[in-house]
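Below is one structure; the comments refer to it alone.
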Amino acid sequence: MPSHRLDRLTEDIKRELSDIVRNLKDPRITGLVSIVRVEVSNDLSYARVYVSTVGGDAAQAVEGLKSAAGFARKTLSTRLDARKTPELRFVADDSMEHSAHIADLLHHMKKGEEHGKL
C-alpha cells in the first residue's frame, strides 16, 4: 500500500477513534482520554493506538479500552470506507506527563536564572 494511503487511513482511524472513545461509558475510562498516535501495520491487520490520560489512571483506561476494542472496531468499520479494519491494540502513552515535567523543569530553571541576576 502506498505510504500516502496508509497515512490517510491512520489519520482517519485516529479521528474516528477519538470520537468513539469520547462516547464510551466504561467507568474505568475517567478523566480526559486522548488518542496521541496511531500506528497501522502495512497489511492493515493491526493498529497500535497510543492513549494518554489527564486526570485519570492510564492503566485502568487502557484496560477499559481493551475491553471495548471489539465495539470500537465494529463502529470504526461502519464509519471508514476501507476493505479491512485493523485489530486495535491500546497502549498507555506518558508523553503528555513527560512534556509537562520538562516544561516545569524549564520554568524552575528560568526562575533560578532570574533570581541569580538580581
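The values are calculated or read from the model by the stated rules, or taken from the named source; none is laboratory data. Just so you know, these numbers come straight off a predicted model, no measurement behind them. Every residue, glycine among them, receives a Cβ derived from its backbone with ideal geometry; neighbour counts consider all protein chains shown.
How many residues does the stretch 34-43 contain that are surrounded by 18 or more Cβ atoms within 10 Å (Cβ to Cβ) and over 12 Å from residue 16 (Cβ atoms)?
Of the residues in the stretch 34-43, 1 are surrounded by 18 or more Cβ atoms within 10 Å (Cβ to Cβ) and over 12 Å from residue 16 (Cβ atoms).
Within the stretch 61-78, does at least one residue satisfy the condition of being free of Cβ contacts under 8 Å to residues at least 24 places away in the same chain and of a type in the set (D, E, K, R)?
Yes.
Select from the stretch 44-90 the residues that are surrounded by fewer than 15 Cβ atoms within 10 Å (Cβ to Cβ) and β-branched (Val, Ile, Thr) and write down the one among them that is nearest to the chain's Cα centre (by Cα).
Per the criteria, the residue is 54.
Report whether or not residue 78 is out of contact with any His (no Cβ under 9 Å at 6 or more places or on another chain), in a helix (DSSP H, G or I) and hydroxyl-bearing (Ser, Thr, Tyr).
Values: out of contact with any His (no Cβ under 9 Å at 6 or more places or on another chain): yes; in a helix (DSSP H, G or I): yes; hydroxyl-bearing (Ser, Thr, Tyr): yes.
So residue 78 fits the description; yes.
Tell me, please, whether a residue that is over 24 Å from residue 4 (Cβ atoms), outside any helix (DSSP H, G or I), without any contact (Cβ under 8 Å) to a residue 40 or more places away in the chain and among the acidic types (Asp, Glu) can be found in the stretch 34-41.
For the stretch 34-41, residues over 24 Å from residue 4 (Cβ atoms), outside any helix (DSSP H, G or I), without any contact (Cβ under 8 Å) to a residue 40 or more places away in the chain and among the acidic types (Asp, Glu): absent.
Restricting attention to the stretch 30-81, which residues are hydrophobic (A, V, I, L, M, F, W, C) and closer than 15 Å to residue 15 by Cα? Steps first, answer last, please.
Looking only at the stretch 30-81, we keep the residues that are hydrophobic (A, V, I, L, M, F, W, C), and these are 32-33, 35-36, 38, 40, 44, 47, 49, 51, 54, 58-59, 61-62, 65, 68-69, 71-72, 76, 80.
Correct list: 33, 35, 36, 38, 40, 47, 49, 51, 72, 76, 80.
For residue 31, state whether it is touching a residue at least 12 places away in the same chain (Cβ under 8 Å) and on the phi > 0 side of the Ramachandran plot.
yes
Which is outside any helix (DSSP H, G or I), among the hydrophobic types (A, V, I, L, M, F, W, C) and surrounded by 11 or more Cβ atoms within 10 Å (Cβ to Cβ), of 6, 24?
24
For the stretch 9-21, what are the residues that are among the acidic types (Asp, Glu), surrounded by 15 or more Cβ atoms within 10 Å (Cβ to Cβ) and under 22 Å from residue 94 (Cα atoms)?
Matches in the stretch 9-21: 16 only.
Considering each of 93, 104 in turn, give the residue that is under 20 Å from residue 32 (Cβ atoms) and buried (at least 17 other Cβ atoms within 10 Å of the Cβ).
Within the list 93, 104, the selection yields 93.
Among (1) closer than 23 Å to residue 80 by Cα; (2) assigned to a helix (DSSP H, G or I); (3) modelled with pLDDT of 90 or more, there is one condition residue 63 misses while meeting the rest; what is its number?
It fails just one condition, (1).
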